[in-house]
Amino acid sequence: MSEINVTPMVDVMLVLLIIFMVSAPLLTVGVAIDLPQTQAKSLDQDREPITVTVNDKGQFYLQNTEYKIEELVPKLQAIAKNGGDERIFVRGDKKVDYGTVMRVMGRLSAAGYRRVALITEVEGN
């Protein structure tokens, strides 16, 4: 009577499980910036939002991909499922001047996106 030895398969599956458990949180980090702090409460989210990021060098990112500011709205229109009702989060490094973040928000507003919000960190007491 021959039997299938499943021990090597279980070992491989456990190793893969551990690898995915360790690497999954690293994939959702996004572009590293230093967010400003406020006392506002966080919003409840049921799915991954669309994020536009401005880093300290003045580079613009849609999700995790860098684009020129002129390319942001066309790329956003291509991925937005709800059109103007899509919720868009703008993340700006606290070292970036106010005008740069407002340029992005102005372009989003001019394109018809009404649900644009700024992302900050919770202020430490």
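Quick notes on this structure:
- One decimal place: the segment residue 14-residue 1 gains 1.9 nm when fully extended, by the rule 0.36 nm per residue minus the C-alpha distance.
- Given in Å, the Rg to one decimal and the Dmax to the nearest whole number for the Cα atoms of segment 37-122 are 12.4, 34.
Coordinate-derived values only; no laboratory data. If you're wondering where the values come from, they're calculated on a predicted model, not measured in any experiment.
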